[in-house]
Amino acid sequence: MRIVLHHDDPRALHAALRERGVSDEVEASASGDGPFVVVVIAQGERVADAAARWLRRHPLPAGFIVGCTPATRADCQPEAWWPASLCDMVLADDEDILLDEIARRVDRLAEMESILDAEWLRERAVGASAIWRNTLRAVAEIGRFGDGACLLLGESGCGKELLARLVHDLDPVRRRGPFVVVDCTTLSPELSGSELFGHAKGAFTHAVSARDGAVAMADGGTLFLDEIGELEPRLQARLLRVIQERTYKRIGEDVWRKSDFRLTCATNRDLEGEVLAGRFRNDLYFRIARWTVRAPSLAERRDDIPLLVAHFLAEHGDAAPQVMPEVMQRLVAADYQGNVRELRNVVLRLADRQRGFRVLSTGCLGDAFAPGASSGWEQTFALAVEGALDAGLGLKNIGQIAETLAVELAERRAGSTSRAAELLRVTPRALQLRRQVRPSDAG
Ligand SMILES: Nc1ncnc2c1ncn2[C@@H]1O[C@H](COP(=O)(O)OP(=O)(O)OP(=O)(O)O)[C@@H](O)[C@H]1O
């Protein structure tokens, strides 16, 4: 693990941080490769200008710390286009305290990077794309340093349960306890939540003996509620009490019991929309979503497909076949509605088809991956381009319209400039500049 500090006077900053006990693995430089942390201390120059310089060079730093004191506070105005999720602005009473504070933050970032570089993590949560690494960074922070409930959002099959297990395994305390999974779609209304809360003997027809539910079993560990959006209203109310008070009653019993667990939930629904529609309790939502992380879909991280393919092939058998470049190209270009789960199934199926062969050749692909068989989005896109050609638009206009649309749609989907920039794989600054080019300029 190596974390590079970018600062105008890296040596001085490095010396000051080393004096404050920052890890040996932190290097200082005014250039170099990531993972890196940009530290800008307000001193004379407007911080916005200095930060802009760094962000142009490194749009997605692992950390971006801006430090100021009351004397330099006025120079320290963040710009709207800075990656808000990254920017950590620290105001301290004097320079000495400021350096202490920066040292603490750099140490934490260095620890986070060493978690992300750990072999066990790379083998379990495969992917090196910036969007996936940022997701892992968020999960590592929640697991290692946070303790509150965490809500994982994202399409089906994109790795939410895998991330929930990481939160548990990174938690220094909870990882010694159990990880209990409840799929809320399977909770039976007739059992009134007995799967969650347990039941007393005779509580209902088949309750021949008393039993613990998931809440009791998760004591000391993590309770993972998958598909929380499907939880029926009665159980939502009961769950709220458990989260607030850490106490619950078994079904058919009048004794309050205690359970101390960490709660992680996941859903592929728009839970905020469910709250607005009155289908999900507002108070419960805020209890389960102290932290939220959105797991990216596979389409947002196609760069990771080759790594994932290699990972699933290794899982398939001891001698993983080589993949012909043509096969890999088609796997990377394909659409996966079921995200990583679907990719895994596809890879295992292809490997099965050519079991015993040393090279995975195009013969394994079958019709679904035939060269002419473009994916659904390509066909839709082709139709739109045909319409534009019919309307007499030239290449330049078509390109500009596509770009404007891509920016608009990414911003709508992402909800923030920095996330939209990640989706579009451009820097936030580049995105802001593109937005300034109005359609009328584009002609
Ligand atoms: N980055 C990854 N590296 C390796 N395997 C992955 C990765 N992401 C997902 N998987 C695998 O893909 C499959 C689906 O992942 P997971 O069950 O975590 O998805 P999910 O989002 O919880 O799905 P659902 O919403 O349907 O419950 C699992 O087999 C998981 O191990």
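The values are calculated or read from the model by the stated rules, or taken from the named source; none is laboratory data. Keep in mind that this is a model prediction, so the values were computed, not measured. With ideal geometry, Cβ positions are generated from the backbone for all residues, glycine too; neighbour counts draw on all protein chains shown.
Being part of a helix (DSSP H, G or I) and within 18 Å of Gly177 (Cα to Cα) is the filter; apply it to region 207-242 and report the residue that is farthest from the ligand (Cβ to nearest atom).
Among those that are part of a helix (DSSP H, G or I) and within 18 Å of Gly177 (Cα to Cα), it is Ala216.
Can you confirm whether Val293 is within 14 Å of the ligand (Cβ to nearest atom) and touching a helix residue (DSSP H, G or I) at 6+ places or on another chain (Cβ under 8 Å)?
Judged against the criteria, Val293 is a match.
Residues that are in the same structural domain as Leu284 (by TED's automatic domain parsing) and touching a strand residue (DSSP E or B) at 6+ places or on another chain (Cβ under 7 Å): list the helices (runs of 4 or more DSSP H) wholly contained in region 53-167 that include at least 2 such residues.
Correct list: 130-145.
Only residues that are more than 13 Å from Arg349 (Cα to Cα) and free of Cβ contacts under 8 Å to residues at least 40 places away in the same chain: list them for region 311-320, please.
Within region 311-320, Ala314, Asp318, Ala319, Ala320 meet the criteria.
Look through region 419-436, keep the residues that are in contact with a Phe, Trp or Tyr (Cβ under 8 Å, 6 or more places away or on another chain) and not charged (D, E, K, R), and return whichever of them is surrounded by the fewest Cβ atoms within 10 Å (Cβ to Cβ).
Filtering first and then ranking leaves Gln432.
Across region 256-273, what is the number of residues that are hydrophobic (A, V, I, L, M, F, W, C) and free of Cβ contacts under 8 Å to residues at least 60 places away in the same chain?
Number of matching residues: 1.
All but one of (1) farther than 13 Å from Ala103 by Cβ; (2) modelled with pLDDT of 70 or more; (3) not charged (D, E, K, R) hold for Gly34; state the number of the condition that does not hold.
(2)
Quick one: is Asp260 loosely packed, with under 14 Cβ neighbours inside 10 Å, under 17 Å from Leu152 (Cβ atoms) and either modelled with pLDDT under 95 or not assigned by TED's automatic domain parsing to the domain that holds Gly363 (or both)?
no
Scan region 264-284 residue by residue and report those that are within 16 Å of the ligand (Cβ to nearest atom) and of a type outside the set (Val, Ile, Thr).
Those that are within 16 Å of the ligand (Cβ to nearest atom) and of a type outside the set (Val, Ile, Thr): Cys265, Ala266, Asn268, Arg269, Asp270, Leu271, Glu274.
In region 102-122, is there at least one residue being crowded, with 17+ Cβ neighbours inside 10 Å, more than 27 Å from Arg53 (Cα to Cα) and within 14 Å of the ligand (Cβ to nearest atom)?
yes
Find the residue count for region 315-345, including only residues that are within 11 Å of the ligand (Cβ to nearest atom) and either assigned by TED's automatic domain parsing to the domain that holds Asn268 or assigned to a helix (DSSP H, G or I) (or both).
8
Considering only region 71-99, how many residues are modelled with pLDDT of 90 or more and exposed (fewer than 15 other Cβ atoms within 10 Å of the Cβ)?
Qualifying residue count, region 71-99: 4.
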